[in-house]
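First the structure, in the form of structure tokens, and then the observations on it.
The values are calculated or read from the model by the stated rules, or taken from the named source; none is laboratory data. From a predicted model like this one, the values you see are computed outputs, not experimental measurements. Here Cβ is always computed from backbone atoms with ideal geometry, including for glycine, and neighbour counts include all displayed protein chains.
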Amino acid sequence: MARSDLIFLHAPSVYDFRKKPILYGPVSDVIPSSPVFEMYPIGFMTIASHLEAAGFRTRIVNLAVQMLADDRFDAEKKIRSLDADVFAIDLHWMPHVHGATEIAKLVKKHHPDSKVEFGGFTSSYFWEELIRRPEADLVMRGDSTEQSTVQMMTALQKGKDLSDVPGLVWKDDSGKIHKNGTFRCSDSLDDIKFDYGTMIKSALRNMDVKGALPWYGWDRTPLTSVFSVRGCSLNCAVCGGSSFSNERVACRGAPAYRSPEKLAEDMDLIQSYLRTPIFVVGDIRQHSNGYAEKLLEEVKKRKIKNHVVIELFNGADDDFFSKLDKAFNGGWSIEFSPDSHDEEVRKAFGKGYTNASIERSVASAFANGCERFDMFYMTGLPFQSRGSAIDSAKASKRLWELVKKEDGLFIYNAPFAPFVDPGSRVFEEPEKWGYRFFARTLEEHKRLQENPSWKHVLSYETKWMDRDMIAETSYDAAIELAAMEHECSRISSAVFEQRKERTETARSLMHRVDEIMTIRDAEERESRLWEIKDEGASLMNSTICDKNNLDWKAGSIWRNAPRILTGLVRSSIR
């Protein structure tokens, strides 16, 4: 096995989930990855790109994907076979706390002389608790740490002191903990390297395509991303990526934007590799309308033929959608997350636009050539009652009636789960927002993940809905949503009955787990849980919705092989 200077490791949410009787529930029904949360952060690719440009050899190993794809895959054996000076483990979002820390223990067990580094939002928030763990040598705090990581690797390679690396918390040879000063992030992303060629070259060099996949199934239905922004101007109450949280945790006082020219260049480079949809992260109007118009001009110049997915943070009008339609040769779609139909809930959450604005946006998008419009509602929000959550599902009927039956309007309703983001306004002031938490520390969150039912993994309940009600309402809202879809003739009676039956089966399993957990004898309790594991595993995807709707039309990466070679050449020239 070739030696690497740094290997990025992505762990499943729970290690080893295959050896535990877990009922996952609908916690990931509206994201590409499974409840194992096998999707690694884009920072793997950007940091690797900067390290490779600086002369370091890197590798991405997605353990979660390989464990999900093959029951016989031995993650510990894989870790033992790797060879690197530094193993970088992402603890970006809290659902990875169990898997990330357990993987780190295995790295230390088999590579005691290598350094183990943690990074990401959750690592930045819980750095003090994390660095005290024996499996942690380094914690990189903050956002946009590409250059800091290059500095860290350079210092380690030369045997120099790490004191000058911004944002780094580290242990010296005696075990003493040092905390370096943070840095103020740049207000521009133009110096960041966003190049999928790094991932492709690493996979080819190590002959390990599966290990580098962003999530399970990505090779069959790939979706790529470009970032218009890091940070956010919005202050959504439960979001760890909000303006409040970025200032408090990620050392970013204001959003940083990628110039329209660079963003269009990123999209052009992606289409040189893959004929796959491109998701533009961040509302392109967030900077200004002038920014959005300049981007669309640049995109038009470069003749982007890939399908492009645009994110909205609030409503949009005919003029905006018309410009999208003229700019993107390969068509375009919209992602929009109002979170609730209830304007009071939405306003309290941090989103002030009206239902009338949402309705106008949906109708206008399809009138101007939109191919698909995804909309997301959640259960478990601040100031949201059970009735309000159910009514969000009912309100979908009005939206479906605004468009043609053949228009691709997809509406999803899922629990806000499993954890409230550390650093968010709700996490910092729970009483103000009507929340009660079952976990505050890193270790407490980790222990929650060992529960066999998704309901008891939830780190919170609210003044308006306790854990039980959040779970029951999530299932009820799913059935109501499917009923509205059926009434609007968007799904057949057979599909509606199948979805309803699947949802009720999942609810029944949750109740059975509740009953089993009352058994006092630990051995009997464990045995009973294992009896229903397979049934629960069969529901781990598309628990309350049809997750296949999230897939974008794209050819597999294997059909793109000639294009990939061309893209690699362009990347090297670039």
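Within region 515-531, take every residue that is touching a Leu at 6+ places or on another chain (Cβ under 9 Å) and surrounded by 17 or more Cβ atoms within 10 Å (Cβ to Cβ) and give me the one that is modelled with the highest pLDDT.
Restricting attention to region 515-531, the residues satisfying the condition of being touching a Leu at 6+ places or on another chain (Cβ under 9 Å) are 516-517, 529.
Filter again for surrounded by 17 or more Cβ atoms within 10 Å (Cβ to Cβ), leaving 516, 529.
Working: Ile516: 94, Leu529: 90.
The qualifying residue modelled with the highest pLDDT is Ile516.
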Region 165-185 residues that are in contact (Cβ under 8 Å) with a residue 60 or more places away in the chain, paired with ones that are of a type in the set (Ser, Thr, Tyr) and part of a loop (DSSP other than H, G, I, E, B) (beta carbon under 8 Å, 6 or more apart): Gly167/Thr145; Gly167/Thr182; Cys185/Ser144
Residue that is at pLDDT 85 or above and in a loop (DSSP other than H, G, I, E, B), where the choices are Asp219, Asp190: Asp190
Helices (runs of 4 or more DSSP H) wholly inside region 58-170 containing at least 1 residues that are in contact with a strand residue (DSSP E or B) (Cβ under 6 Å, 6 or more places away or on another chain) and within 16 Å of Tyr15 (Cβ to Cβ): 63-69, 97-110
Given (1) out of contact with any Pro (no Cβ under 9 Å at 6 or more places or on another chain); (2) modelled with pLDDT under 95, number of the condition Phe328 does not satisfy: (2)
Of all residues in region 310-324 being within 15 Å of Asn368 (Cα to Cα) and hydrophobic (A, V, I, L, M, F, W, C), the one that is surrounded by the most Cβ atoms within 10 Å (Cβ to Cβ): Ile310
Conditions (1) without any contact (Cβ under 8 Å) to a residue 40 or more places away in the chain; (2) basic (Lys, Arg); (3) within 30 Å of Ala365 (Cα to Cα): number failed by Lys394: (1)
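Does Ile304 qualify as being assigned to a strand (DSSP E or B) and either aliphatic (A, V, I, L, M) or more than 15 Å from Phe376 (Cβ to Cβ) (or both)?
Numbers: assigned to a strand (DSSP E or B): no; either aliphatic (A, V, I, L, M) or more than 15 Å from Phe376 (Cβ to Cβ) (or both): yes.
Criteria not met by Ile304.
Kindly indicate whether Met484 is modelled with pLDDT of 95 or more, of a type outside the set (Asp, Glu) and assigned to a helix (DSSP H, G or I).
On the way: modelled with pLDDT of 95 or more: yes; of a type outside the set (Asp, Glu): yes; assigned to a helix (DSSP H, G or I): yes.
Yes; evaluated as a whole, the condition is true for this residue.
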Selection count where residues are surrounded by fewer than 19 Cβ atoms within 10 Å (Cβ to Cβ) and either of a type in the set (Gly, Ala, Ser) or in contact with a Lys or Arg (Cβ under 6 Å, 6 or more places away or on another chain) (or both), scope region 325-341: 4
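With respect to Lys305, determine if the residue is in contact with a Gly (Cβ under 8 Å, 6 or more places away or on another chain), surrounded by fewer than 22 Cβ atoms within 10 Å (Cβ to Cβ) and at pLDDT below 95.
Details: in contact with a Gly (Cβ under 8 Å, 6 or more places away or on another chain): yes; surrounded by fewer than 22 Cβ atoms within 10 Å (Cβ to Cβ): yes; at pLDDT below 95: yes.
When the stated conditions are applied, Lys305 passes them.
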Residue within region 455-474 that is in a helix (DSSP H, G or I), assigned by TED's automatic domain parsing to the domain that holds Leu399 and aromatic (Phe, Trp, Tyr) present: no
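Of these, Ser245, Ser202, which one is outside any loop (DSSP other than H, G, I, E, B), at pLDDT 85 or above and closer than 27 Å to Ser34 by Cβ?
Numbers: Ser202 fails: at pLDDT 85 or above.
Step by step, each of Ser245, Ser202 is checked, and only Ser245 is outside any loop (DSSP other than H, G, I, E, B), at pLDDT 85 or above and closer than 27 Å to Ser34 by Cβ.
More than 20 Å from Cys232 (Cβ to Cβ), among the β-branched types (Val, Ile, Thr) and surrounded by fewer than 19 Cβ atoms within 10 Å (Cβ to Cβ), is that true of Thr354?
The answer is yes for Thr354.
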Pick from region 329-360, criterion under 25 Å from the mean Cα position of the chain (by Cα) and hydroxyl-bearing (Ser, Thr, Tyr), ranking: nearest to Thr276 (Cα to Cα): Ser333
Members of region 110-163 that are surrounded by fewer than 19 Cβ atoms within 10 Å (Cβ to Cβ), at pLDDT below 95 and either more than 17 Å from Phe56 (Cβ to Cβ) or not assigned by TED's automatic domain parsing to the domain that holds Ser188 (or both): Asp161
Subset of region 239-293 that is free of Cβ contacts under 8 Å to residues at least 12 places away in the same chain and not acidic (Asp, Glu) - its residue that is farthest from Phe336 (Cα to Cα): Gly290
Test for Ile7: is it in contact with a Lys or Arg (Cβ under 8 Å, 6 or more places away or on another chain) and modelled with pLDDT of 85 or more: yes
